[in-house]
Amino acid sequence: MSLAAIRTEPTPPEAVRWTLPGARSLDAVNELVTAPLYERQLWSWKAWWLAAALSGALTAGFLVAVYVVFTRGIGVWGVNTSTVWGFAIADYVWWIGIGNAGTLISSMLLLMRQKWRASTNRFAEAMTLFAATIAGIFPIIHLGRPMYFYWLTPYPNTMTVWPQWRSALIWDFWAILSYILFSLIFWYVGLIPDLATMRDRARSKFAATAYGAFALGWRGSARHWQAYETLHLALACLGVPLVVSLHSVVGMDFAASLMPGWQETIFPPYFVVGAMYSGFAMVVCLAAMVRWGFRQEGLITIAHFDVMAKVMLMASIVMGLSYATEWFNAWYGGDRPDRSLVIFEFTGSYAPMFWALLFCNVIAPQAFWIAAVRRSVVAVFVVSILINIGMWLERILIVWNTLSHGYLPSMWRLFIPTVWDWLTTIGSLGLFVLMFLVFVRFIPAISMHEVRKLVDEEGS
Amino acid sequence: MNKQLRLDQANMRGPPNSEVDRRAALKLFVSGAALALASCGRPAEQIVPYVEIPDGMTPGLPMRFASALPLAGYGRGVIVTSVEGRPIKVDGNPRHPASLGSTDVFAEATVLSLYDPDRSQAPYSGGRVQDWSAFEAALQPRLDKARARHGAGLALLTGRITSPTLIAQIEAFTKALPQVKWYRYEPSEDDAIRNGAILAFNRPATLLPRFADARVVLTLDADPLGAGPEQIRFARDITQARRTHVPDQSLRLYAVEPAWTLTGALADHRLALRPELVRNVAIEIARSLGASVPELKGPPEAEHFAKAAAADLTARQGGGLVLAGPRQPPEVHALCHWINNELSAPVDFIAPVDPLNIGGIASLKSFVADARAGAIETLMILGANPVYDAPGDLAIADCVAAVPFSAQLGLYRDETAARCTWHLPLTHVLEGWSDIRAFDGTASIVQPLIRPLYDSRTAHQIMALLSNATGPSSFDMVRGYWQQAGKHGGDFEDWWRQTLQDGVVADSAAAKISLPAPQMPEVAPVSGGENFTLAFAPDPSLFDGSFANNAWLQECPKPFTKQVWGNALHLAESDAQSLGVVDGDMVRLVAGKAVLEAPVLVRQGQASHTVATTLGYGRAGAGSLGTAVGFDVYRLRPSDSPWALADVSVSKIGGRQNLLLTQHFFELEGEAKDLQPRFALADLAKKPDLGLSKPGGNPATLYPPHDYDTYEWAMVIDTAACIGCNACVVACQAENNVPIVGPDEIAVGRDMHWLRIDDYVIGGKPGFSPVPCMHCEHAPCEPVCPVAASIHDSEGLNLQVYNRCVGTRFCQSNCPYKVRRFNFYGYADGEEYKSFGDDIVKAVFNPDVTVRGRGVMEKCTYCVQRISRARRAAEKDHRKIHDGEIVTACQAACPTRAIAFGDLSDANSRINALRAEPQAYALLGELGTRPRTTYLARLENPNPDFGKAQS
């Protein structure tokens, strides 16, 4: 077949459509997405207020915990002489992992022309922004002297002391900082056309002014669109390497060390996959919420859950393979500390958590081989929650196992979490949910212009 | 300083309901201010510095004075460092026979007890603070009455006293008033040893082993390396005799003991036997030497052990030595004297240094009898705390309370003070003049380093008061005594000066006495019963309990168990299994009417049917830190056999108690044995390559080496010489302002010791490895610190810049040795445990070392302040620092000289020679960290015929 023939061959009709028939017009899309914001009386906000109250309370708990940590010191946590790191580091890695998926969905799927991303990328990006922000809080509150966190920056000072560039924590600092800035810009750029839509559909002068201000004078001209597409695509091209490097650097926080169970070359890619894995799981949870809360069944379809479940299934296999590689290498390498650590993982004091993590991350997602499970929102939701728990367990065990079971048996000590450990962890979840609730209340949770494009491409 | 003292003067604790009106408050303020101005500074009398005699003190330059510190009544010579009038550090006095320049944990911790805010600060009676004149007024009519009756009704109760001046005072007093009674009791009593000598020789005599001449030593329930006044000296002698690598010339140590002691841990052969059965081994040895005693019938391992030991002992003519411990009855001691005589053992005898001519327990019993009979009307207790530490069956508290007028002179308002009508504050040993004899009779003058912080009195002053001699100070009395008794040949001033400077009175050691051939005692083998025996021992951290309020000692991890802030009942594994208990389970121990409920700690290698425990805990009046820590076993202690309680039944009861351990028990197996390699001397000669990770034998690296321009500091720790005594741990704490964290923090897994002693069991035998910072040349902590707070200096030191540290703790995460310590709270800086944070405690800080605040990491610095001091001195003289010029705090403390420090760049340095030893190794050297701290493997000298004898 000649090249020309390929070019002229008609595109075969897609087996899967990413919208329900009722939503397949440009107006319908606008209507569906803006209705919760502009026709509030049509929606029961009871669940929203309930969630806001609960997450508000947790956020208050988080603030109290942070206040206590700042005033009384990190001694309030369960960290000790051997296990000097604890929940804060695990929480940080977990949140930054969650913060991965938005960029992945937006940039990588965009570059890979995965059209279905259109109806999920907005709240996934918001999720990224919030998760990365929370992730950024943890390394600071985890410091013994958090007031001096800025010493990690190369600011001009009278002592002419710079940061120590060989430290993975410095790499990490820059990685988080650039990622948060990138996420904000990327999210905002993608939002501009929709803000203009909101402005145009506003029922009050205040709303029109507010949205209008943020819409930066967007008029939807071809020139605007051309500039927008160029910028968005360019950002997406930046985003993919950034997200990979960010999670590689997070992996190097551990891998660039000397400790058994950390000093492993597999860590950077394994962290990228793990981050994508937990990020997707969180996107699924949020998608189910948005779909149910704002009756967006028309835009977020069963097909979306189906495809995301497939991604998680793939990731779970990669994760299982990564774990097995670690075990194999410990055995094959033959070093006493490495082998001893693997035995400790399976049989030591934290073993129940380790088995739970294997179940959540490797076993449970295998249910996605069955199409009926993939196409059940409840089932996908439950497995996603399990994955999120499993991924948190994985992070805390990476920290605990190595530090509790290092080279010298004389210093083997366990970590016993305190109420402040739990409050910082669960409180941060509350803060995240609260931020997300505020977001869906004021900003279109689904990218209207991208879904319109999708509807247009799919044809009605 | 002024402010601190003023606060302490004002803090004099009155009864809770005492009302202070405005005028009284002003009076207190004025008197407090006046006292503060007057009391801060050097003692009024001239004291003579040991090393340098400045023309007036140079601020910033520490001054060092020789003195001596008591333990169980015997002195250990020390040199105390004083900075601007504050004593801050105790080191050993090389000229003193009980120190030889080293210290033990108790000597090191003495400076902290000086500044203990819970110390008694004023006389106390009738529920309120009094002044001395009130006491004198109350005492006078009683003294007058007693004098009229030649002292009848007046009694003294003291601990062991070896102070020549005080003894002379008491003797003069009792000579003038012959009816005065003097009772003398020491909780770490050795009556059995004393009575054993009487049994053998018909006269009291003290045995002094000459370990240097010994080739085979058998200890029978004896612990010459354990805590006690001879520990430092014996530890040095024994390890010194084991330094050679020639198996035949090295001292071989056999130990028979019910529970682990430091001696048992060092021993080449050890047998765990319950206390009663230990005598069987002695009898078997005597039999092999020709004594007509019945043959030992089992247990087989004891039989075998005794045969092998006997063969070895007799094979080294003149080099065999048998030592029995205070738990063994007098007959066993007499038997050992007989054995030693047969072996021509390297032992000397001296007349007892303790002058009391009856045993301590006997003395205490006569006190009880007299007190019950109402024969004591006025009781003066000098420095002792019998209500706490007397054997429980004597019910001494009632006896003391029954005396109409009793006054206790003590450092704390303790249990005894609570039963006395008066309590009087005692001057701390670092505050007042006195003198004291060592275990071998060598006398030292006790020099004060600081004026008494409170309005306290020495025992000398109290005796003067009793003798109605007003006026002379302790200084006058001590000096006066030596003017009479010292061998100064007329030139007293020079002699006095020299004696103060040396820290020992020349030629004052007790003369050796020659004794007749010992008599063979009547002794027969016994078999153990079904019940348990409770074996007591002095605590390695608190000794007899008198150190209970010392935070450094409370938090000093005990050898073997690593327990802090508490004690436990130690049970053998087999007994624990049959009782169904694990570490921390509560058991009930019943002995007659006495019942004790306490937590269990299971110990591998302890004799079955033995419950072992240590004295010193369960204090009711120790002070805010030491009260109600652990459980009290004195009340179970029988006066007839103070170190063992037979016929004890043990049963499991519900409940658990969280034991505070800084290391959990690990038996090392397989490759993990490399963490603490051990070799037999015989193998050392045979194998040139021991398969060790050698110092300097580094794995390849891509990184360029560091440039070192001047010195390259390094440390070598000889685990063959380490006996696990903890002196280095406490010395490091004292030198480097290392805070304590308190029991709650320990429970979470936090501690601050810069130097820890890892205790691993290999093949059932424990071994000790002190672990300070390794000062790696490729330190894993350095590249991971984001703010460059962990850095490498040009001399190879791995430094921590506290000011720069933000507390990421990545350095400790990445430290394979886990030697870094994090200030999770302001342990030394505002968030101290209980009274450890009181202002006065800050006086103990070493001004050369930064006090670390919350949120920063810290660790061993190789005593960088001492390196700096040496460097300053060397630069002034335009020379390099000499080899051996820098002595780290741990090195200085070590009684066995197991720690060496020096410069690697100096090819002739001792440290280079040690690193070239065949048994030298780098801990985890295979990681490529290139540690500067390296080790010498533990060397053992087992009897090659030991196994053969079995078959």
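The values are calculated or read from the model by the stated rules, or taken from the named source; none is laboratory data. In this text the structure is predicted, and so the values were computed from the model without any measurement. Glycine gets a Cβ as well: all are built from the backbone with ideal geometry, and neighbour counts include every protein chain shown.
Every listed requirement among (1) closer than 26 Å to A:MET159 by Cβ; (2) in contact with a strand residue (DSSP E or B) (Cβ under 6 Å, 6 or more places away or on another chain); (3) more than 8 Å from every other protein chain (Cβ to nearest Cβ); (4) crowded, with 22+ Cβ neighbours inside 10 Å is met by B:ARG821 save one, (3).
A residue that is within 20 Å of B:ALA66 (Cβ to Cβ) and acidic (Asp, Glu) cannot be found anywhere in region B:446-467. Consider B:CYS894 carefully, then state whether it is at positive phi, in contact (Cβ under 8 Å) with a residue 60 or more places away in the chain and either surrounded by 18 or more Cβ atoms within 10 Å (Cβ to Cβ) or not basic (Lys, Arg) (or both). So B:CYS894 does not fit the description; no.
Can you name every residue in region B:261-281 that is basic (Lys, Arg) and within 24 Å of the chain's Cα centre (by Cα)? I'd like the intermediate steps shown before the answer.
Step one: of region B:261-281, the residues basic (Lys, Arg) are B:270, B:274, B:279.
Residue satisfying the conditions is B:ARG270 alone.
The residues of region A:408-424 that are more than 8 Å from chain B (Cβ to nearest Cβ) and aliphatic (A, V, I, L, M), listed by number, are A:VAL419, A:LEU423.
If we keep just the residues of region A:110-122 that are part of a helix (DSSP H, G or I) and within 21 Å of A:VAL29 (Cα to Cα), which is farthest from the chain's Cα centre (by Cα)?
From region A:110-122, those part of a helix (DSSP H, G or I) are A:110-111, A:115-119, A:121-122; that's our starting set.
Filter once more, keeping what is within 21 Å of A:VAL29 (Cα to Cα): A:110, A:115-119, A:121-122.
Details: A:LEU110: 17, A:LYS115: 20, A:TRP116: 18, A:ARG117: 15, A:ALA118: 17, A:SER119: 17, A:ASN121: 12, A:ARG122: 13 Å.
This residue is A:LYS115.
The set of residues in region A:246-285 that are assigned to a helix (DSSP H, G or I), surrounded by fewer than 24 Cβ atoms within 10 Å (Cβ to Cβ) and either β-branched (Val, Ile, Thr) or more than 14 Å from chain B (Cβ to nearest Cβ) (or both) comprises A:SER248, A:PRO268, A:PRO269, A:TYR270, A:VAL272, A:VAL273, A:CYS285. Against the list (1) within 13 Å of chain A (Cβ to nearest Cβ); (2) crowded, with 22+ Cβ neighbours inside 10 Å; (3) out of contact with any strand residue (DSSP E or B) (no Cβ under 6 Å at 6 or more places or on another chain); (4) of a type in the set (Gly, Ala, Ser), the condition B:ALA779 fails is (3). Of all the numbered requirements in (1) outside any loop (DSSP other than H, G, I, E, B); (2) in contact (Cβ under 8 Å) with a residue 24 or more places away in the chain, B:HIS96 misses one, and that requirement is (1). Could you tell me which residue of region A:145-167 is nearest to the other protein chains (Cβ to nearest Cβ), considering only residues that are out of contact with any helix residue (DSSP H, G or I) (no Cβ under 6 Å at 6 or more places or on another chain) and in contact (Cβ under 8 Å) with a residue 12 or more places away in the chain? Per the criteria, the residue is A:TRP151.
Taking the options B:LEU335, B:LEU356, B:LEU323, name whichever one is in a strand (DSSP E or B) and not aromatic (Phe, Trp, Tyr). Testing whether each residue is in a strand (DSSP E or B) and not aromatic (Phe, Trp, Tyr) leaves just B:LEU323.
Here is a check on your reading of the model: is A:PRO139 within 14 Å of chain B (Cβ to nearest Cβ) and either assigned to a helix (DSSP H, G or I) or under 17 Å from the mean Cα position of the chain (by Cα) (or both)? In short, yes.
Determine which member of the set B:GLY884, B:GLY853, B:GLY902, B:GLY947 is of a type outside the set (A, V, I, L, M) and part of a helix (DSSP H, G or I). Spell out how you get there, then give the answer.
Working: B:GLY884 fails: part of a helix (DSSP H, G or I); B:GLY853 fails: part of a helix (DSSP H, G or I); B:GLY902 fails: part of a helix (DSSP H, G or I).
B:GLY947 is the lone residue from the list that is of a type outside the set (A, V, I, L, M) and part of a helix (DSSP H, G or I).
For region B:250-296, the tally of residues that are among the hydroxyl-bearing types (Ser, Thr, Tyr), buried (at least 21 other Cβ atoms within 10 Å of the Cβ) and within 22 Å of B:GLY947 (Cβ to Cβ) stands at 1.
Taking the numbered list (1) outside any loop (DSSP other than H, G, I, E, B); (2) within 29 Å of the chain's Cα centre (by Cα); (3) within 25 Å of B:GLY101 (Cα to Cα) in turn, B:ARG497 passes all entries but (2).
Scanning region A:293-352 for residues that are charged (D, E, K, R) and in a helix (DSSP H, G or I) turns up A:ASP306, A:LYS310, A:GLU326, A:ARG336, A:ASP338, A:ARG339, A:GLU345. Of all the listed residues (B:PRO178, B:PRO204, B:PRO187, B:PRO247), the sole one being buried (at least 22 other Cβ atoms within 10 Å of the Cβ) and touching a residue at least 12 places away in the same chain (Cβ under 8 Å) is B:PRO187. Among the conditions (1) closer than 25 Å to A:SER404 by Cβ; (2) facing chain A (nearest Cβ under 9 Å); (3) over 34 Å from the mean Cα position of the chain (by Cα); (4) not basic (Lys, Arg), B:GLN812 misses just one, which is (3).
Working carefully through the options B:LEU364, B:LEU321, find the one that is touching a residue at least 12 places away in the same chain (Cβ under 8 Å), out of contact with any Ser or Thr (no Cβ under 8 Å at 6 or more places or on another chain) and surrounded by 21 or more Cβ atoms within 10 Å (Cβ to Cβ).
Working: B:LEU364 fails: out of contact with any Ser or Thr (no Cβ under 8 Å at 6 or more places or on another chain).
Criteria check complete, one pass: B:LEU321.
When A:ILE180, A:ILE170 are screened for being surrounded by 16 or more Cβ atoms within 10 Å (Cβ to Cβ) and within 14 Å of chain B (Cβ to nearest Cβ), only A:ILE170 passes.
Pairs meeting the criteria (first residue in region A:62-76 and within 13 Å of chain B (Cβ to nearest Cβ), second residue among the basic types (Lys, Arg), beta carbons under 7 Å, at least 6 apart or on different chains) are A:GLY73/B:ARG854. The numbered conditions (1) in contact (Cβ under 8 Å) with a residue 24 or more places away in the chain; (2) farther than 23 Å from B:PRO783 by Cβ; (3) not hydroxyl-bearing (Ser, Thr, Tyr) are all true for A:GLY212 except (1). If you go through region B:701-717 and pick out every residue that is in a loop (DSSP other than H, G, I, E, B) and in contact (Cβ under 8 Å) with a residue 60 or more places away in the chain, you end up with 10. Based on this model, can you work out whether B:GLN865 counts as closer than 29 Å to B:GLY724 by Cα and surrounded by fewer than 20 Cβ atoms within 10 Å (Cβ to Cβ)? Spelling it out, B:GLN865 is indeed closer than 29 Å to B:GLY724 by Cα and surrounded by fewer than 20 Cβ atoms within 10 Å (Cβ to Cβ).
Cβ-Cβ contacts under 6 Å between residues 6 or more apart (or on different chains), taken from a first residue in region A:286-311 that is at pLDDT 90 or above to a second residue that is of a type in the set (Lys, Arg), are listed as A:ILE300/A:ARG291; A:ILE302/A:ARG375; A:ASP306/A:ARG374; A:ASP306/A:ARG375; A:ALA309/A:ARG374. Is there a residue being crowded, with 22+ Cβ neighbours inside 10 Å and out of contact with any helix residue (DSSP H, G or I) (no Cβ under 7 Å at 6 or more places or on another chain) anywhere in region B:97-109? So far as region B:97-109 goes, yes, one or more of its residues are crowded, with 22+ Cβ neighbours inside 10 Å and out of contact with any helix residue (DSSP H, G or I) (no Cβ under 7 Å at 6 or more places or on another chain).
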